[in-house]
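K.L.:
Once you've had a glance at the structure underneath, I'll fire off some questions.
The values are calculated or read from the model by the stated rules, or taken from the named source; none is laboratory data. Here the structure is a predicted model, which means the values were calculated and not measured. Methodologically, a virtual Cβ is constructed for each residue, glycine included, from the backbone with ideal geometry; neighbour enumeration extends over all protein chains shown.
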Amino acid sequence: MVAFAEPGWNPTCIRRVAKTYPSGSEVVEVVSDAGPGFAKFLGNKEGPHVLACEWIGTRLAALLGLPVFDYAVFEYDGVPEIELASGCVAQAGPAWITRKEEGHPWSGEEEDLKLLANPEDLAGLVVLDTWILNCDRHCPEPRRINRNNVFLARREHSHDSLTLVVMDYTHAFTCGRALTQKLAGIDRVKSDDIYGLFPEFRKWMTAQHMQAVCDRLARISDSAIREVVDGTPDAWLEDLPLREAVERFLTGRRDYLAPDLTTRIFPQTELF
């Protein structure tokens, strides 16, 4: 049974495993009944909250108008039995899957960024990562640079262009640690750290791009945020007080960032 799926892509079961990866969420490359994809299961070494973070981060990316992979949440029944990279066995229950696309992680080279069909979405990636404290791409403290989480897809008809696809939010909010009600504390809601901002991005971002995304962030309603959090499977986010804390964090941080994030990133001379 599919619990949630993007229109037009509805995987319901795993046919076979292609490859396992020793990532934090122990992602598994699979072939589903709807084609190849990358799946994340209960039983991974970092626990169920990383799946909740994946769901929430991806849904918020879509609310901001950013390109994401086709994705689905489906009920994995334990068949076939899947051994994860750690040696643990994937547990039955809601599983996350994204459709495999042609493309590659960013090399770090400027040449890749020159080919982007959507350079304005670099600013969107920074806004989203900063909103949800996503430390698994470019994190200031502790310093982390992970270009593998910048995916460039070949979505355009021309082979000379690439599309930035926003992906992988398992380490949002708490860097892979369990979510707690402390997330809604003022120190996290009003953190001034900027996430996702690779130095190489600055040449391809403008203050206008950034402000446009911040304006979209400001327009995301409390009810839309609540709908995203409420839609998280119970097996991934277990209790009501914790859900309410996630909502308070997201609404409070939206209100903190949207008015002046642009001016914190761009010098005054670049704003006009």
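K.L.:
Tell me, which residue of segment 123-169 that is among the charged types (D, E, K, R) and not in a loop (DSSP other than H, G, I, E, B) is surrounded by the fewest Cβ atoms within 10 Å (Cβ to Cβ)? Walk me through it before giving the result.
P.N.:
Pass one, segment 123-169, residues among the charged types (D, E, K, R): 129, 136-137, 141, 143-144, 147, 154-156, 160, 168.
Okay, now just the ones that are also not in a loop (DSSP other than H, G, I, E, B), so 129, 143-144, 147.
Details: D129: 25, R143: 8, R144: 15, R147: 16.
Among them, the one singled out is R143.
K.L.:
Name the residue, out of R254, R216, R264, that is at pLDDT below 95, assigned by TED's automatic domain parsing to the domain that holds A123 and either under 30 Å from A92 (Cα atoms) or in a helix (DSSP H, G or I) (or both).
P.N.:
Working: R254 fails: at pLDDT below 95; R216 fails: at pLDDT below 95.
Within the list R254, R216, R264, the selection yields R264.
K.L.:
Given the conditions (1) in a helix (DSSP H, G or I); (2) out of contact with any helix residue (DSSP H, G or I) (no Cβ under 9 Å at 6 or more places or on another chain), and given that I97 satisfies all but one, which numbered condition is not satisfied?
P.N.:
(1) is the only condition that I97 fails.
K.L.:
Suppose the filter is modelled with pLDDT of 95 or more, assigned to a loop (DSSP other than H, G, I, E, B), surrounded by fewer than 17 Cβ atoms within 10 Å (Cβ to Cβ) and in the same structural domain as T251 (by TED's automatic domain parsing); does S191 pass it? Even if it seems obvious, please write down each step before you answer.
P.N.:
Values: modelled with pLDDT of 95 or more: yes; assigned to a loop (DSSP other than H, G, I, E, B): yes; surrounded by fewer than 17 Cβ atoms within 10 Å (Cβ to Cβ): yes; in the same structural domain as T251 (by TED's automatic domain parsing): yes.
For S191, the condition - modelled with pLDDT of 95 or more, assigned to a loop (DSSP other than H, G, I, E, B), surrounded by fewer than 17 Cβ atoms within 10 Å (Cβ to Cβ) and in the same structural domain as T251 (by TED's automatic domain parsing) - is met.
K.L.:
With respect to A123, determine if the residue is of a type outside the set (D, E), assigned by TED's automatic domain parsing to the domain that holds V50 and out of contact with any Cys (no Cβ under 8 Å at 6 or more places or on another chain).
P.N.:
On the way: of a type outside the set (D, E): yes; assigned by TED's automatic domain parsing to the domain that holds V50: no; out of contact with any Cys (no Cβ under 8 Å at 6 or more places or on another chain): yes.
No; evaluated as a whole, the condition is false for this residue.
K.L.:
Within the set of pairs 6 or more residues apart or between chains, which connect a residue that is touching a residue at least 12 places away in the same chain (Cβ under 8 Å) inside segment 168-185 to a residue that is of a type in the set (S, T, Y) and part of a loop (DSSP other than H, G, I, E, B) with Cβ atoms less than 6 Å apart?
P.N.:
T170/S25
K.L.:
If you scan segment 19-46, which residues turn out to be on the phi > 0 side of the Ramachandran plot and buried (at least 17 other Cβ atoms within 10 Å of the Cβ)?
P.N.:
Passing the criteria: E26, G43.
K.L.:
Would you call L66 in contact (Cβ under 8 Å) with a residue 60 or more places away in the chain and closer than 19 Å to L152 by Cα?
P.N.:
Numbers: in contact (Cβ under 8 Å) with a residue 60 or more places away in the chain: yes; closer than 19 Å to L152 by Cα: yes.
So L66 fits the description; yes.
K.L.:
Of the numbered conditions (1) part of a loop (DSSP other than H, G, I, E, B); (2) out of contact with any strand residue (DSSP E or B) (no Cβ under 7 Å at 6 or more places or on another chain), I225 satisfies every one except a single condition; which is it?
P.N.:
(1)
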